Structures are given as C-alpha cells and as structure tokens.
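Okay, so here's the structure we're looking at.
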Amino acid sequence: MAQVDRSGHVPGRVNIGIDLGGTKTELIALRDGRELLRFRTPTPQGDYAATVDNIVSMVHQAEQSLDTRATVGVGIPGALSRSTGRVKNANSTWLIGEDLKRDLERALGRTVAIENDANCFALSEATDGAGAGAESVFGVIIGTGCGGGLIFRGQVITGINAIAGEWGHNPLPWAEADDEAMPCYCGLHGCIETFLSGPGMTRHFSAVSGRMLTARKIAALAEAGDEQAVAHLERYCVWLAKGLASVINLFDPEVIVLGGGLSNISLLYERVPQLWEHWVFSDRVDTRLVPPIYGDSSGVRGAAWLGAQQEVTG
C-alpha cells in the first residue's frame, strides 16, 4: 500500500486540480504541494457537453506536458446531490441536473473527486495554508456570494445533504430593527449572504447613503475617512462578527480563514474578533481569524488536494 503523509496524499504523485468557474476554468498541477504548472481557459457558458470536453482536454494537456498520469479533483460552484449524484445549487445553471462526476470519470478513465468550490478553498487553507496544523478550520467566502466550508482533521465535512458550511443561507443572527431583510436569490429574505456578500454591501450602503458603490470603493472611502463609508464598514464588521459567532457557537473552529474579494479589507481581522466576543457563548474566544495564504489560488489548490485524498480513500 502507498505511503500517505499527514495531508492525506501519496508523496511524489502529481495532483491536478480544476476550478470550474462561470467564466473561466483554471487548472493547477501540484507535486507535494509545489506548483508544477497552471493555466486557464474560458468556460463554455451554457454548454454542458463542451464544459466536460474542456476539462478533459485540460487534464490531457497537463499530463502530456508533465509526462504523467495524475489524480484529478474538481471544484464547482454548486454541489452533488446525495440522492441522485447530479449537480445541484449551481449558479452555473447549465450544470444543474447533470451527472458531472460520472461523465468526467468515463472520459478520463479514473476516479474524479468533485466538491463545492468553498469546500476546496477551505481544504487548501487547512492543508498547507493559513489553517495548516489546526484540527478544525472554517473557510469563508465573502465575494459575489457568501459560502463556507468545514474541515476537520484534514477532511471536508460535506454533510448528509451536501450543504455543510452553507452559513450564508441562514438568517442574520441577533438582527436589529434597522438591519433591513433584503431578498436573497434562494427565495428567502434576510440571509447572511444579503448582508455580507459584495452585492449585499453595495445594496445596504445605497439604502443608507443614496450612493451605489462597489464594496471595494466603499472600503477605500472608509480608509480615506468618508463618514458614511466608515459607519457602514463598522456595521459590516458587526454583521460579520454576528455571523461568525453563530458558527463558533456551533462548530468551534480553531481557525477561520476569509476568502473572496472582501477578505482583502484589513480592518476585518482586527475589528471582528473584538466584536464577536459579545455573541460567542464562552468566557474567552481563542478562535483565530486570518487572511488566506493562497488567496484566489486556494480553490484550485484545494481541488488538487481533494483529488489526492480521493486516491487514498476511494
């Protein structure tokens, strides 16, 4: 039997990760965590068959370049249904209802691991990123959406319904009267995502200021001393602290790693831990809130680690 290291992969083996996004598909090849190559192609939007063919072609291109046969993991903007094995909850809607795992495995002639892209982000940072060495890690995506992934002892916690870590579609906890419950794409109102995503920050800031600005612009204005932006960024920190406090109360992770565009706001790492103590059910909070080491690369790296683990456990 092949030797397995602490991260759950076979040393020396090449591990390919695919990050299947709505507009681009990225591939990375790792050996023992070291990047061997990386490239991107446009995602064939709206065309499922072409999407599968594109992934297969990318894998073959990488393997030919490296003269090897690799493990393969794929991160998708959705999840695989526990009942059907088909894609669900994907904002790349042409994937919904398709048996992506089966189709890729048939085309590539091997086992392919597929997970939600937020889970891949969390796995990357837990394996050799900002959460390396921690027993429990919660990886957070705050960007165009608000996702999350749970890692325990190096393994993704998927859950019986394949939705573990989807904190963004719980209601904002400890909401106040002026925390307007805006509609969410999921059909409900007041989801955490409608407060903490980039579009959510934009909508809430517009409601109080009359200015429709991107989250990046709001953060820049706050840093420059704009009073409305400063006040709104403080509200955002409170919302994030409440949302993460509810996760700490339930999962109690050692490390929380932020990813996505809003993770670049440096104030979050100082202010949010100061605030979340008000809502965490403990006399002290030792959970660390940290930025990612690999940033935008974490999703595709996590997919590679996922494929490596699949070879061992599958």
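Can you give the convex hull volume of the alpha carbon atoms of the chain per residue, in Å³?
136
Per DSSP H run of n ≥ 4, the term is -39500 (n - 2.57); total these for the chain, divide by its residue number, and report the mean residue ellipticity at 222 nm rounded to 500 deg cm²/dmol.
-12000 deg cm²/dmol
Of the residues Lys24, Lys101, Lys88, which exhibits the maximal mean-square fluctuation in a Gaussian network model of the chain defined by a 10 Å Cα contact cut-off?
The residue with the greatest mean-square fluctuation here is Lys24.
Report, please, the projected area of the range 97-191 averaged over directions, based on the convex hull of its C-alpha atoms, in nm².
Average projection, Cα convex hull of the range 97-191: 8.6 nm².
May I have the extent of the alpha carbons of the range 45-103 along their three principal axes, as whole Å values ordered from largest to smallest?
Dimensions of the range 45-103 along the principal axes of its Cα atoms: 37, 24, 16 Å.
If neighbour count is taken as other Cβ atoms inside 10 Å, put Val56, Val255 in order from fewest to most.
Result, fewest neighbours first: Val56, Val255.
At a Cα cut-off below 24 Å, give the lysines reachable from Lys242, other chains included and same-chain residues fewer than 8 away excluded.
Reachable lysines: Lys217.
Only bridges whose two residues both fall in the chain count here: according to DSSP, what percent of them are antiparallel, nearest 5?
Counting DSSP beta bridges with both partners in the chain, the antiparallel share is about 60 percent.
Assuming 1.002 mPa s and 20 °C, estimate D for the range 130-292 with Stokes-Einstein, Rh taken as the Kirkwood radius over Cα pairs, in µm²/s.
134
Using a Gaussian network model on the chain with a 10 Å cutoff between Cα atoms, which of Ala177, Ala241, Ala113 fluctuates the most?
Highest fluctuation of the listed residues: Ala177.
What residue among Trp174, Trp279, Trp94 has the largest mean-square fluctuation in a Gaussian network model of the chain, using Cα springs under 10 Å?
Of Trp174, Trp279, Trp94, the most mobile in the Gaussian network model is Trp174.
Find which of Leu172, Leu188, Gly154 sits farthest along the positive direction of the dipole of the range 152-211, computed with +1 on the beta-carbon of Lys and Arg, -1 on that of Asp and Glu, about the Cα centre.
The one lying farthest along the dipole's positive direction is Gly154.
Based on Cβ point charges of +1 for Lys and Arg and -1 for Asp and Glu, what charge dipole magnitude is obtained for the chain about its Cα centre, in debye rounded to the nearest 20?
640
FRET efficiency for Cys186 and Leu36, Cβ-Cβ distance as r, R0 = 51 Å, nearest 0.05?
That pair, Cys186 with Leu36, gives E of 0.85.
Taking all pairs of different Cα atoms in the range 1-152, averaging 1/r and flipping that mean, what Kirkwood radius in angstroms comes out?
Evaluated over the range 1-152, this radius sits at 16.1 Å.
Cα centroid distance between the range 25-104 and the range 176-202, in Å?
Cα centres, the range 25-104 to the range 176-202: 31 Å.
Among Leu188, Leu150, which comes first, second and so on when ranked by fewest other beta-carbon atoms within 10 Å?
Leu188, Leu150
Every number here is computed from the coordinates shown, using simple stated rules; none is lab data. Quick caveat, the model's predicted, so the values are computed rather than measured. For neighbour counting, all protein chains shown are included, and Cβ atoms are generated from backbone atoms with ideal geometry for every residue, glycine included.
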